Amino acid sequence: MEKDQSKIIREQAPRSATREHSVPLYLTSSFIFDSAEQGRAIFAEEEEGMVYSRYANPNTTEFINKVCIMENAEAGLAFASGMAAVFASFAGFIRNGDHIVSSRAIFGSTHQLFTQLFPRWGVTHTYVDAVDSEAWEKAIQPNTKIVFLESPSNPGLELADLAFLGELKAKYPHIIFAIDNCFATPYLQKPLDYGFDLSIHSATKYMDGQGRVLGGVIVGMQELIDQLMFFIRHTGPAMSPFNAWVLSKSIDTLGLRMDRHCSNALALAETLEKHSEIVDVKYPFLPSHPQYELAVKQMKAGGGIVTFEVAGGKERAYRFLDSLKMILYTSNLGDARSIATHPGSTTHSKLSEEERLGLGIKPGSIRLSVGIEDKDDIIGDILQALEATK
Ligand SMILES: *Cc1c(COP(=O)(O)O)cnc(C)c1O
């Protein structure tokens with residue numbers, strides 16, 4: 001279990017005069033000042049205090065504090081969605097002429113930022129293969145401002161060596177090293193411990209864990225979070241207090257849920273590896289994964305995603321998805337309920353066939369977000385769908 005589990009559960013917005021046990025929902029856009037002098041002092045940042053929910057709100061602050069405890073971070077900020085957080089982690093720092101180095105296998109919308117939006121503002125990027133440690137340093141230019149990555153990647157589940165990248169950060173202290181840590185969660189992987197500056201999450205996924213609300217969070221060094229605070233105060237991507245309230249409750253059970261996601265996913269991966277109708281299975285904690293040793297070193301467990309290729313290509317993959325009985329087909333992930341996706345025709349459909357193959361996405365690839373149902377029910381549904389489509 002998480003060593004800070006008690007601290008996480010006990011972290012709570014200050015109790016009000018009503019003496020509530022569970023934290024209330026602070027649906028208020030602004031906060032009053034007791035006096036004109038207090039209003040002046042809070043605006044002048046001489047006195048601490050809430051002003052307006054675009055800046056901070058008791059519910060969002062509580063949620064952020066919990067993520068900071070989990071990830072050993074100095075400070076953090078909450079956002080309306082994962083993409084608002086990813087965008088801010090760049091937009092809050094870059095200027096015309098800057099360059100970004102990024103792992104190639106990244107979330108689709110992040111790829112659109114690099115290739116469609118940032119060129120408008122004179123910001124360039126270089127992609128590297130995350131597994132090729134030497135490629136990272138080669139890609140760094142004098143104008144490189146940010147090194148960005150995802151590990152494990154989606155849906156190929158390739159890993160970047162976090163200790164190696166932490167050393168690279170020490171060699172290039174002026175470059176911001178940021179990771180989208182959404183797939184691993186703060187429970188399984190703590191990149192700041194390796195020297196990363198910022199860890200970014202789509203809270204929509206495992207942090208919520210029940211497919212209800214959107215959210216994003218960035219945690220990291222105080223100095224960078226302060227710079228980002230300026231950006232969010234004046235651009236307005238803040239998380240709603242309602243979503244923060246939901247997410248803060250969810251964080252209490254993140255570790256428990258992840259243990260179950262991971263044990264179910266490992267059991268599924270082991271079963272599929274032996275199955276004659278499966279061409280290939282990717283799961284970081286399978287000894288057959290090319291980076292198994294690295295996975296065991298930098299992750300507490302293998303995560304909740306298993307990617308596998310069914311024999312028979314796209315046509316079989318479609319029939320397989322249509323034959324699942326319990327598991328639903330939707331493009332979300334990280335839910336208590338198992339979810340199946342065909343990346344080639346959905347999340348990664350905008351890429352060329354060649355780009356997809358480069359990311360390990362075959363026509364028969366299925367991404368399974370393994371839920372926390374009974375493992376025999378999950379495995380049973382997949383086995384019956386394989387059998388039905390032989
Ligand atoms: C879902 C996701 C995002 C985007 O998050 P939203 O909350 O959907 O905006 C970013 N990165 C990764 C790795 C994701 O899985």
How many residues are surrounded by 12 or more Cβ atoms within 10 Å (Cβ to Cβ) and of a type in the set (Asp, Glu) when one looks only at segment 14-52? 1
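Would you mind finding the one in Gly302, Gly334 that is on the phi > 0 side of the Ramachandran plot and assigned to a loop (DSSP other than H, G, I, E, B)?
On the way: Gly302 fails: on the phi > 0 side of the Ramachandran plot.
From the options Gly302, Gly334, the qualifying one is Gly334.
If I ask for residues that are within 12 Å of the ligand (Cβ to nearest atom) and open to solvent by 10 Å² or more (accessible area, probe 1.4 Å), which ones from segment 318-334 would you list?
Kept after step one, since they are within 12 Å of the ligand (Cβ to nearest atom), are these residues of segment 318-334: 331-334.
Ser331, Asn332 - these are the residues of segment 318-334 that are within 12 Å of the ligand (Cβ to nearest atom) and open to solvent by 10 Å² or more (accessible area, probe 1.4 Å).
Would it be correct to say that Ser102 is touching a Ser or Thr at 6+ places or on another chain (Cβ under 7 Å) and either open to solvent by less than 60 Å² (accessible area, probe 1.4 Å) or within 16 Å of the ligand (Cβ to nearest atom) (or both)?
No; evaluated as a whole, the condition is false for this residue.
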Only one of (1) outside any strand (DSSP E or B); (2) modelled with pLDDT of 95 or more; (3) touching a Ser or Thr at 6+ places or on another chain (Cβ under 9 Å) does not apply to Gly156, and that is (2)
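Anything in segment 341-358 that is surrounded by fewer than 20 Cβ atoms within 10 Å (Cβ to Cβ) and not β-branched (Val, Ile, Thr)? List them, or say none.
First, the residues of segment 341-358 that are surrounded by fewer than 20 Cβ atoms within 10 Å (Cβ to Cβ): 345-347, 349-358.
Within segment 341-358, Ser345, Ser349, Lys350, Leu351, Ser352, Glu353, Glu354, Glu355, Arg356, Leu357, Gly358 qualify.
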If you go through Ile361, Ile366, Ile305, Ile339, the only one that is hydrophobic (A, V, I, L, M, F, W, C), away from the ligand (no atom under 16 Å from the Cβ) and not assigned by TED's automatic domain parsing to the domain that holds Tyr127 is Ile366
Scanning for something under 30 Å from Ile382 (Cβ atoms), touching a helix residue (DSSP H, G or I) at 6+ places or on another chain (Cβ under 8 Å) and among the acidic types (Asp, Glu), does segment 243-258 turn up at least one residue? no
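State the number of residues belonging to segment 359-369 that are in a loop (DSSP other than H, G, I, E, B) and either closer than 30 Å to Ser250 by Cα or open to solvent by less than 40 Å² (accessible area, probe 1.4 Å) (or both).
Summing the residues that are in a loop (DSSP other than H, G, I, E, B) and either closer than 30 Å to Ser250 by Cα or open to solvent by less than 40 Å² (accessible area, probe 1.4 Å) (or both) in segment 359-369 gives 4.
For segment 126-144, how many residues are more than 30 Å from Tyr292 (Cβ to Cβ) and either open to solvent by 60 Å² or more (accessible area, probe 1.4 Å) or of a type in the set (A, V, I, L, M) (or both)? Break it down into steps so the answer makes sense when it comes.
Of the residues in segment 126-144, the ones more than 30 Å from Tyr292 (Cβ to Cβ) are 141-144.
In the following step, the residues that additionally are either open to solvent by 60 Å² or more (accessible area, probe 1.4 Å) or of a type in the set (A, V, I, L, M) (or both) were identified as 141-142.
The number of residues fulfilling the criteria is 2.
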Of the residues in segment 20-42, how many are among the aromatic types (Phe, Trp, Tyr) and either over 29 Å from Leu247 (Cβ atoms) or in contact with a Gly (Cβ under 6 Å, 6 or more places away or on another chain) (or both)? 1
Check Ile106, Ile64 and return the single one that is farther than 14 Å from Ala203 by Cβ and either among the β-branched types (Val, Ile, Thr) or in a helix (DSSP H, G or I) (or both). Ile106
Which residue is farthest from the ligand (Cβ to nearest atom), if the candidates are limited to segment 111-139 and must be part of a loop (DSSP other than H, G, I, E, B) and in contact with a Leu (Cβ under 8 Å, 6 or more places away or on another chain)? Val131
Going residue by residue through segment 140-155, is there one that turns out to be without any contact (Cβ under 8 Å) to a residue 12 or more places away in the chain and not polar (S, T, N, Q)? yes
Quick test of your reading of the structure: Tyr55 fulfils all but one of (1) part of a loop (DSSP other than H, G, I, E, B); (2) touching a helix residue (DSSP H, G or I) at 6+ places or on another chain (Cβ under 6 Å); (3) crowded, with 19+ Cβ neighbours inside 10 Å. Name the failing condition by number. (3)
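Checking the conditions here, which among Asn57, Asn65, Asn72 is at positive phi, of a type in the set (S, T, N, Q) and in contact (Cβ under 8 Å) with a residue 24 or more places away in the chain?
Details: Asn57 fails: at positive phi; Asn65 fails: at positive phi.
Exactly one of Asn57, Asn65, Asn72 is at positive phi, of a type in the set (S, T, N, Q) and in contact (Cβ under 8 Å) with a residue 24 or more places away in the chain, namely Asn72.
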Within the group Gly108, Gly97, which residue is within 16 Å of the ligand (Cβ to nearest atom), in contact (Cβ under 8 Å) with a residue 12 or more places away in the chain, touching a Ser or Thr at 6+ places or on another chain (Cβ under 9 Å) and open to solvent by 10 Å² or more (accessible area, probe 1.4 Å)? Gly108
Checking Ala301, Ala295, Ala265 in turn, the sole residue that is touching a Cys at 6+ places or on another chain (Cβ under 7 Å), open to solvent by less than 30 Å² (accessible area, probe 1.4 Å) and over 19 Å from Phe63 (Cβ atoms) turns out to be Ala301
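For segment 67-100, give me the residue count where each residue is assigned to a helix (DSSP H, G or I) and within 20 Å of Thr204 (Cβ to Cβ). Full working, then the answer.
Just the residues of segment 67-100 that are assigned to a helix (DSSP H, G or I), to begin with: 67-71, 82-91.
Narrowing the set further to residues that are within 20 Å of Thr204 (Cβ to Cβ) leaves 67-68, 70-71, 82-91.
Looking only at that region, the number is 14.
The values are calculated or read from the model by the stated rules, or taken from the named source; none is laboratory data. All values derive from a computational prediction rather than experimental measurement. As a convention, Cβ positions derive from the backbone with ideal geometry for all residues, glycine included, and neighbour counts pool all protein chains shown. Ligands, DNA and RNA are excluded from the accessible area calculation, which covers all protein heavy atoms including side chains. Shrake-Rupley method; radii C 1.70, N 1.55, O 1.52, S 1.80 Å.
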